[in-house]
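Contents: one structure, followed by commentary.
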Amino acid sequence: MHIAIDSYFFFERDNFKILKDFFFKEVVSHELYKLTPFSHEINPPLASDDMIIPFGCIEFVQETLKQSKNAFVFYDENVFTNENCLDRWGHLCLNYGAKIMTVEEAMSSLEKDRKYFMRPTEDLKSFTGNLFEVGHLPSLLERYGGYENNLFKATSKIVVSEPKEIRREWRNFIIDGKVVSSSLYKENGRHREELGAPAQIINLCDAALSVYNPAKAFVLDVCELKDGSYGIIEFGCIHNCGFYKADVEKVLGEFLQLFQEKNV
């Protein structure tokens, strides 16, 4: 097993050091790599024999999968979608009752003078979810549809829901069906990091996992609304997420345990 780390991705420098130090301490083969934009070249070249497990930006992880037949990630593009999240967890979700439609359907059917929360259904982060008027969609297509590897277009599906007032947001790291560590990452619309999460958040994660578990390892983002209720925002790939103030060593330790026990 060889860990491929995207040297550009880990902007949280403390976590970047923890990541490297952990793999060194555990005597796990690892190396830093750079993905050259547009050329898709990964340097140094990926090893050909070992199982490669990448951590980094979406482009780095996807390119690793393309370039190495031995690359492995806990990810399935048909599973890691917001549509699947809503289907599986229903009323537990923040955007329960949201409409799933294509961009062109939204432009033709939604009220023009209202703001809606919109986001892509897939986990590839074509654009960041936010409040938009319908008239803003053409500029989103022009801005994001032209990026290399970005498949956002008029026929792309998006989630459309009523705006919600969110107080706080947490990221929960799920390994083998349980919450291993959590971190606050936003409060009242501003970035703020803090280790841990209240019992209500862990209980919501447990309730969701009792209904559906999309992967052996993933992240589950959950929020508290200003009315005191709680909801699931989304689930995402653990290979290309920020750790914030979560216990990185604990998360990585549980992650490696899956492979040591051949529980993948």
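Restricting the search to segment 150-164, which residues are farther than 15 Å from residue 134 by Cα and within 18 Å of the chain's Cα centre (by Cα)?
150, 151, 152
Name the single residue that is nearest to the chain's Cα centre (by Cα) among those in segment 107-117 being surrounded by 13 or more Cβ atoms within 10 Å (Cβ to Cβ) and more than 16 Å from residue 142 (Cα to Cα).
Here the answer is 117.
Could you give every pair whose Cβ atoms fall below 6 Å, whose first residue belongs to segment 113-126 and is without any contact (Cβ under 8 Å) to a residue 24 or more places away in the chain and more than 22 Å from residue 240 (Cβ to Cβ), and whose second residue is outside any strand (DSSP E or B) and acidic (Asp, Glu), counting only separations of at least 6 or pairs across chains?
As it stands, the answer is none, since no pair meets every condition given.
Which of the residues belonging to segment 65-94 are surrounded by 18 or more Cβ atoms within 10 Å (Cβ to Cβ), out of contact with any Gly (no Cβ under 8 Å at 6 or more places or on another chain) and either over 17 Å from residue 158 (Cα atoms) or in the same structural domain as residue 174 (by TED's automatic domain parsing) (or both)?
Across segment 65-94, the qualifying residues are 68, 71, 73, 74, 75, 89.
For segment 214-227, check the following and say yes or no: at least one residue is more than 21 Å from residue 97 (Cα to Cα), free of Cβ contacts under 8 Å to residues at least 60 places away in the same chain and either of a type in the set (A, V, I, L, M) or not in a strand (DSSP E or B) (or both).
Yes: one or more hits.
What strands (runs of 3 or more DSSP E) completely inside segment 152-205 contain at least 2 residues that are in contact (Cβ under 8 Å) with a residue 12 or more places away in the chain and under 23 Å from residue 15 (Cα atoms)?
By residue number, 166-175, 178-187, 190-195.
Among the residues of segment 95-114, is any outside the structural domain of residue 138 (by TED's automatic domain parsing) and in a strand (DSSP E or B)?
no
List the residue pairs whose Cβ atoms are under 7 Å apart, where the first residue sits in segment 20-40 and is in the same structural domain as residue 7 (by TED's automatic domain parsing) and surrounded by 15 or more Cβ atoms within 10 Å (Cβ to Cβ), the second is aromatic (Phe, Trp, Tyr) and not in a strand (DSSP E or B), and the two are 6 or more positions apart or on different chains.
Pairs found: 30/23; 35/60.
Name the residue, out of 224, 254, that is modelled with pLDDT of 95 or more and closer than 25 Å to residue 121 by Cβ.
224
The values are calculated or read from the model by the stated rules, or taken from the named source; none is laboratory data. Keep in mind that what you see is a predicted model, and the values were worked out from it rather than measured. Ideal geometry is used to build each Cβ from the backbone, glycine not excepted, and the neighbour counts take in all protein chains shown.
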